[in-house]
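Derivation of every value follows stated rules applied to the coordinates shown; laboratory data play no part. Quantities reported herein were computed from a predicted structural model and do not represent experimental measurements. Ideal geometry is used to build each Cβ from the backbone, glycine not excepted, and the neighbour counts take in all protein chains shown.
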Amino acid sequence: MKGKVVLVGAGPGDPELITVKGLKALRQADVVVYDRLVSPSLLNECKPGCERIYVGKGYGEAEIQEEINELLVRKAREGKTVVRLKGGDPYVFGRGEEECIYVMEMGIDCEVIPGVSSVTSGPLLAGIPLAGRLSEPAFTAFTATRAGGGLIEPEYVPSRGNIVVVMGASKLKEMSDILLARRSPDEKVAVIRNASLPDMEVVVTTLAQLRNLESVKPPALIVVGKAVDLRDRLWKVK
């Protein structure tokens, strides 16, 4: 029997935000390989006898991507259906493309099931519309860290429009300098921590003051732009 790998986006954290198709795949899996940001309650959906393997990587811990790739292939070659359960969407800063390419190059079938990304759902849940007639016609999302561990260069920061920065909360001072190289110090900034979870926090400040938010810990999003100005009007709707 030939095994396969299914990359499933688990959503931003709230277990109810996984898709119907993703939940169905999870319930049929023989093996579930899951990340740190996946809600533990989703594992209760696994069928009896399903093997659950935690491969979460904390901030500052050693890189384990190669080991994860090899694990997926090894389990699939045992004839098992392997669900790789990833926070958010597998292809939005989730390294899903790296895993899928490796799996297929090893001759294993790979299916990808989209998930709700924190890039869009985090600001939405904080009352911040990223693009629209009252906000901006477009937004830019980027990861703070590059391959190899370095931070993104200022030239990747647009001078206009709304911005969403992921994986930048652990480097707020450095990210503040990078953003200030391209943006006004008076612009509103929202830092959204644990988006969609009961302990979700939203701190609104200015870009000039962003570097002082030392109490904000990862995982968190940084949102910059006119969209943050609309939070006061939309948050009251909740």
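Annotations
- Descending by average beta-carbon neighbour count within 10 Å, the peptides 211-218, 65-72 line up as 65-72, 211-218, the highest first.
- Measure of compaction for the chain (Cα Rg per 2.2 N^0.38 Å): 1.07
- The chain - percent relative contact order, Cα under 8 Å, separation 6 or more: 21
- Applying 1/(1 + (r/R0)^6) with R0 = 45 Å to the Cβ-Cβ distance of residue 217 and residue 4 gives a FRET efficiency near 0.75.
- Highest average packing first - 194-201, 120-127, Cβ atoms within 10 Å: 120-127, 194-201
- Potential lengthening of the chain between residue 160 and residue 64 amounts to 30.9 nm, from the contour at 0.36 nm per residue minus the alpha-carbon distance.
- Maximal additional length on extending the residue 177-residue 95 stretch stands at 26.9 nm, based on 0.36 nm per residue less the C-alpha distance.
- Using R0 = 35 Å, the C-beta based FRET efficiency linking residue 111 and residue 230 works out to 0.40.
- Protection proxy ranking, highest mean first, for peptides 130-137, 202-209: 202-209, 130-137, where packing is the per-residue count of other beta-carbon atoms within 10 Å, averaged.
- In units of the rule-of-thumb radius 2.2 N^0.38 Å, region 112-207 shows an alpha carbon radius of gyration of 1.09.
- Looking at the chain alone, DSSP beta bridges between its own residues are antiparallel in about 40 percent of cases.
- Value of [θ]222 nm, deg cm²/dmol, for the chain, DSSP H segments ≥ 4, -39500 (n - 2.57) each, nearest 500: -6000 deg cm²/dmol
- Placing +1 on the Cβ of every Lys and Arg and -1 on the Cβ of every Asp and Glu, with nothing else charged, gives region 4-113 a dipole about its Cα centre of roughly 440 debye.
- Kirkwood-type hydrodynamic radius, region 4-113: 13.6 Å, calculated from all non-identical alpha-carbon pairs.
- Listed pairs 2/57; 2/47; 47/80; 57/217; 86/171; 2/75 exceeding 18 Å between Cα atoms: 2/57; 2/47; 86/171
- Normalised contact order of region 4-113, rounded percent, pairs of Cα under 8 Å and 6 or more residues apart: 43
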